[in-house]
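*Asks:* The structure is given below, and queries will be raised subsequently.
Here, each number is a calculation from the coordinates, and none is a lab measurement. Small disclaimer: the values here were computed from a predicted structure and weren't measured. With ideal geometry, Cβ positions are generated from the backbone for all residues, glycine too; neighbour counts draw on all protein chains shown.
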């Protein structure tokens, strides 16, 4: 079992403790709602069960078997990256390459390709990188207590990442951004 699988298992166990429901009961609860879209189900779980954004999203993926890991399963890293950076998002590949050039110098970590982004992990996820839309590349950073900065967008509690930095060009991969990611890398491990 990979460290990601263990982390998801632990997260599901914590969700079961928090809600007092087994995974089977949670699955039935979701099916009974009649909702089918990920975002609608996630929001319903947040509202009805008081789950955080990350817990609710993970539970939806587990129940619907729709997580990005399964979408990327069996494909090479290059195949997944080719899919992520295709069509209107093809121009973002240089941003990805510039980021990885710096991040690869940090030390050991796991690269976990998902359907539309790449998760970077040590003992826990420290960054998520990939095109968010056809016009914006997003760097999600899991760190705490960064000084306020107009580039560094603090995210609501329970989000997948604590901070987001939006990029549109590889020139924006600078020492400041790399330092933020390195700080997250160091605290993840």
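*Asks:* Taking R0 as 41 Å, what FRET efficiency do you get between residue 172 and residue 22 from their Cβ-Cβ distance, rounded to the nearest 0.05?
*Replies:* After rounding, the FRET efficiency stands at 0.35.
*Asks:* Calculate the FRET efficiency for residue 11 and residue 111 from the Cβ-Cβ distance with a Förster distance of 30 Å, rounded to the nearest 0.05. Could the numbers behind the result be given before it?
*Replies:* Values: r = 20 Å, r/R0 = 0.68.
So, using R0 = 30 Å, E works out to roughly 0.90.
*Asks:* What order, most packed first, do the peptides 101-112, 50-61 have when packing is the mean number of other Cβ atoms within 10 Å of each residue?
*Replies:* 50-61, 101-112
*Asks:* State the volume of the convex hull built on the alpha-carbon positions of the chain, expressed per residue in Å³ and rounded to an integer. Mind dumping the intermediate values first?
*Replies:* On the way: hull volume 25.0 nm³, N = 189.
Cα-based convex hull of the chain, divided per residue, equals 132 Å³.
*Asks:* Please report 22, 183 as a ranked list, fewest other C-beta atoms within 10 angstrom at the top and most at the bottom.
*Replies:* Fewest-to-most Cβ neighbours within 10 Å comes out as 22, 183.
*Asks:* Tell me the relative contact order for segment 77-187 as a rounded percent, counting alpha carbon contacts under 8 Å between residues six or more apart. Walk me through the numbers before you get to the answer.
*Replies:* Details: 169 pairs, mean separation 28.9, N = 111.
Value for segment 77-187: 26 percent.
*Asks:* Write down the Kirkwood hydrodynamic radius of segment 77-187, to one decimal in angstroms, obtained as one divided by the mean of 1/r over all alpha carbon pairs.
*Replies:* Kirkwood radius, segment 77-187: 14.0 Å.
*Asks:* When the chain is fully extended, how far beyond the present Cα-Cα distance does residue 31 get from residue 136, taking 0.36 nm per residue of separation? Working shown, then result.
*Replies:* Details: separation 105, 0.36 × 105 = 37.80 nm, distance 3.41 nm.
Gain on stretching residue 31 to residue 136: 34.4 nm.
*Asks:* Once a ≥ b ≥ c are taken as the square roots of the eigenvalues of the Cα gyration tensor of segment 112-152, is the result rounded (a/c under 1.5), prolate (a/b larger than b/c) or oblate (a/b not larger than b/c)?
*Replies:* Cα axes put segment 112-152 in the oblate bin.
*Asks:* Determine one quarter of the surface area of the Cα convex hull of segment 71-141, which equals its mean projected area, and express it in nm² to one decimal.
*Replies:* 4.7 nm²
*Asks:* Using Cβ counts within 10 Å as a stand-in for footprinting exposure, how do 124, 182, 171, 147 rank, fewest first? Before the final figure, lay out the partial values.
*Replies:* On the way: 124 13, 182 18, 171 10, 147 5.
Final ranking by Cβ density, sparse to dense: 147, 171, 124, 182.
*Asks:* Continuing with the same structure: Taking R0 as 35 Å, what's the FRET efficiency between residue 83 and residue 150 from their Cβ-Cβ distance, rounded to 0.05? Can you show the working numbers first?
*Replies:* On the way: r = 32 Å, r/R0 = 0.92.
Step by step, r from the Cβ atoms, then E = 0.60.
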